[in-house]
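Bear in mind that the values in this text are calculations on the coordinates, not laboratory data. Owing to the predicted nature of the structure, the values given are computational and were not obtained by experimental measurement. Neighbour counts are summed over all protein chains in view; Cβ atoms, including those assigned to glycine, are modelled from backbone coordinates with ideal geometry.
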Amino acid sequence: MSGRKRVENVGDLVAEARRVYQQNFVGDPEVAVCAPGRVNLIGEHTDYNQGYVLPMALHLSTVMVGSRTSGQSCSVVTIAESADEPKKVDFNIPSESIPLAGGQPMWANYVKGVVQHYRAKPLPAFKAVIASSVPLGGGLSSSASLEVAVYTFLQQLCPDDGDKVAKALACQKAEHTHAGVPCGIMDQFISVLGKEGHALLIDCRSLEATAVPLVDPGLVILITNSNVKHALTGSEYPSRRKQCKEAAAVMGKSSLRDATMQDLEDAKDRLDSVTYRRVCHVINEIERTAKAAEALKRGDYEEFGKLMVESHNSLRDLYEVSCPELDVLVLAAMEVDGVFGSRMTGGGFGGCTVSLLRSDATERTMKHIKERYSGCPTFYITTPSDGARVLSVFEENQQ
Ligand code: GAF
């Protein structure tokens with residue numbers, strides 16, 4: 001959003017989207033929805049290995065406002081921060097014989113993918129505007145929040161059966177087929193099922209989630225954006241996924257969720273050293289995540305913080321998805337008295353860190369990070385929010 005004030009409040013995003021809707025189309029939008037980004041507290045690169053993750057939904061959200069229209073042709077305008085691409089796209093509602101393919105602009109592929117995989121019929125054509133406060137490429141799941149916002153919007157035009165897990169899976173499929181990213185289920189799941197005041201321990205094998213309370217006035221969850229951008233569509237994410245799948249096959253397991261460190265040692269001679277390190281991360285990270293959820297339930301922030309740092313070090317040294325900027329941010333945070341733990345969050349190669357600290361340490365932590373980091377960090381002090389929801393088009397003060 002260069003040259004414009006950063007809008008973070010959902011009500012303000014709706015008001016802005018409504019203004020742009022009035023400029024581009026006739027009248028007011030009938031529907032407004034939002035879907036949150038997420039921060040993952042621990043459990044990284046475990047979702048596609050059927051392990052555990054522990055994310056929470058954020059107040060940073062993607063908003064979509066719009067109305068049904070006659071005919072087959074849809075028009076969507078984005079005012080979300082985006083690359084130098086056209087801000088408006090037109091496409092037809094897909095049919096059995098003519099599916100909706102991806103193409104340019106890139107941002108529209110997330111919209112088209114969800115329209116293609118939407119679970120009810122017949123979808124009417126629509127015109128809509130998208131606005132977002134989730135930083136792009138920041139590792140806070142801007143793509144999943146866009147997908148889930150689109151799905152939630154379509155539910156208002158043509159209701160499906162309301163199955164939330166199936167909704168998350170349809171959005172994940174959209175990302176696979178139309179954005180070319182073979183992501184796991186974490187981001188879409190939390191954007192749909194997030195719960196205010198709670199992190200969710202998601203078992204990515206059974207797709208069951210346990211809500212873990214996370215509201216404590218003495219505690220702050222601080223996100224620091226390195227403002228270094230990553231590209232999951234690059235080769236690194238798919239290659240990690242492939243290494244894990246191949247290693248599981250070598251060990252005779254259907255996924256790394258079923259592998260133990262003993263299995264790994266037994267298979268050591270049949271794995272190259274890089275794959276060995278990758279698997280070592282995954283097996284331990286799954287265990288760390290389960291332990292971290294228990295620590296959080298007990299309010300044992302010291303233990304939780306220790307596990308966060310172990311997770312970061314493992315992502316840096318074994319899974320090799322961190323980068324120098326994220327490492328500096330974590331080291332800087334850990335130098336401050338009152339910080340329990342800190343780690344990179346999301347796919348890696350840039351984006352954000354998440355830190356858990358005593359609330360009285362917030363100002364000095366941000367100050368210290370600014371002094372130690374040569375880039376230009378952005379901070380978000382955040383609390384767990386609800387998943388996707390329907391909003392009023394006209395209320396400007398909704399959170
Ligand atoms: C990205 C993916 F989209 C998630 O599915 C997950 O694998 C994450 O990277 C790493 O934990 O956000």
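Extension gain for L331-K164 works out to 56.3 nm (0.36 nm per residue, less the C-alpha to C-alpha distance). Working value for region 1-128: equivalent-ellipsoid semi-axes of 27, 22, 14 Å, each the square root of 5 times a Cα gyration tensor eigenvalue, largest first. Distant-in-sequence amide contacts of G37, defined by a placed amide H-H separation under 5 Å and a gap of 5 or more residues or a different chain, comprise L58, L60, S61, T62. The lysine pair tally for region 1-154, using Cα distances under 16 Å and a gap of 8 or more places or different chains, is 6. Taking the longest Cα principal axis of the chain as reference, the axis of helix 236-250 is set at about 60 degrees.
Only beta bridges with both residues in the chain are counted; by DSSP, about 95 percent of them are antiparallel.
Counting only alpha carbon atoms, the long axis of helix 324-334 and the longest principal axis of the chain meet at about 70°.
Peptides 371-382, 168-179, 294-305, 130-141 ranked from most to least packed give 130-141, 168-179, 294-305, 371-382, packing being the mean of other C-beta atoms within 10 angstrom over each peptide's residues. Here r is the Cβ-Cβ distance between A249 and S392 and R0 is 56 Å; the resulting FRET efficiency, rounded to 0.05, is 0.65. Annotation: aspartates and glutamates with alpha-carbon distance below 18 angstrom to K291 (same-chain offsets under eight excluded): E44, D47, D203, E208, D258, D300, E302, E303, E310. For E196, the amide hydrogen comes within under 5 Å of the amide hydrogens of D386, G387, counting only partners 5 or more places away or on other chains and with H modelled in the peptide plane. Across the cross-link table entries K306/K367; K242/K268; K229/K306, which are compared at the Cα atoms, the separations over 24 Å belong to K229/K306. Residues whose amide H comes within less than 5 Å of that of N92, counting only those at least five positions distant or on another chain, are C74 (H built at 1.01 Å from N in the peptide plane).
The angle separating the long axis of helix 142-157 from the principal Cα axis of greatest extent in the chain is about 40 degrees.
Distance between the pseudo-spin-label points of D272 and N24 (7 Å out from Cα toward the beta carbon): 4.5 nm. The charge dipole of region 246-399, taken about its Cα centre with unit charges on the Cβ of Lys, Arg, Asp and Glu (plus for the first two, minus for the last two), comes to roughly 80 debye. Residues in region 63-80 carry Karplus couplings, in order, of 10, 9, 10, x, 8, 6, 9, 7, x, 10, 8, 9, 10, 10, 10, 10, 10, 6 Hz; the curve used is 6.51 cos²θ - 1.76 cosθ + 1.60 with θ = phi - 60°, and Gly or Pro positions show x. In sequence order, region 295-301 has phi-based couplings of 4, 5, 4, 7, x, 8, 6 Hz under the Karplus curve 6.51 cos²θ - 1.76 cosθ + 1.60, θ = phi - 60°, and Gly or Pro positions carry x.
Each helix, a run of at least 4 DSSP H residues, gives -39500 (n - 2.57); summed and divided by the residues of the chain, these come to -12000 deg cm²/dmol at 222 nm. In order along region 275-286, the phi-based Karplus estimate (6.51 cos²θ - 1.76 cosθ + 1.60, θ = phi - 60°) of 3J(HN,Hα) comes to 4, 4, 5, 4, 5, 4, 4, 4, 4, 6, 5, 4 Hz; Gly and Pro are listed as x. For the chain, the equivalent ellipsoid derived from the Cα gyration tensor has semi-axes of 35, 25, 18 Å, listed largest first.
Taken as Cα centroids, region 1-66 and region 147-165 sit 15 Å apart, rounded to the nearest whole angstrom. If the chain between N92 and E265 were fully stretched, how many nm would it gain, using 0.36 nm times the residue separation less the Cα-Cα distance? 56.9 nm is the gain from fully extending N92 to E265.
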